[in-house]
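Report on the following structure.
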Amino acid sequence: MSEVTNTSNSNESGLNNLKQIPYQCNIIPIRQALGLTQSSLARELGTTESFVCMVEHEKYYPVLEMRIRIARILKTDTSAIWILKEEKDGTN
């Protein structure tokens, strides 16, 4: 199973095509509030700092298992990390 979905590539089947899902990733403020660096988060996840950076900057959208692992390390739930922009803007 792939660790991430690349948001820069279109998927003809429409699955995981995140260009059509306007979301905001809130890892950075949550991670910083806990005093974690990208490097320390990556170490706890068993992945690379580059992977964490790509997720934080919405270049990659991790698969469910990785999203859950990230949320557990950040002591929150996935809905606090990945927020649909309609929900954040209050237009939902």
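The values are calculated or read from the model by the stated rules, or taken from the named source; none is laboratory data. These numbers were taken from a predicted model, which means no experiment stands behind them. No Cβ is skipped: glycine too gets one built from the backbone with ideal geometry, and neighbour counts run over all protein chains shown.
Of everything in segment 39-61 that is assigned to a loop (DSSP other than H, G, I, E, B) and under 15 Å from Ile28 (Cα atoms), the residue that is modelled with the highest pLDDT is His57.
Output yes when any residue across segment 19-28 is part of a helix (DSSP H, G or I), surrounded by 12 or more Cβ atoms within 10 Å (Cβ to Cβ) and at pLDDT 95 or above, and no when none is. Looking through segment 19-28, at least one residue is part of a helix (DSSP H, G or I), surrounded by 12 or more Cβ atoms within 10 Å (Cβ to Cβ) and at pLDDT 95 or above. Reported count of residues in segment 62-85, each being crowded, with 18+ Cβ neighbours inside 10 Å, within 10 Å of Ile27 (Cα to Cα) and touching a residue at least 24 places away in the same chain (Cβ under 8 Å), is 4. Do we have Leu36 as assigned to a loop (DSSP other than H, G, I, E, B), at pLDDT 95 or above and surrounded by 15 or more Cβ atoms within 10 Å (Cβ to Cβ) here? Yes. Annotation: of all residues in segment 71-92 being part of a loop (DSSP other than H, G, I, E, B), farther than 19 Å from Arg43 by Cα and in contact with a helix residue (DSSP H, G or I) (Cβ under 7 Å, 6 or more places away or on another chain), the one that is modelled with the lowest pLDDT is Asn92.
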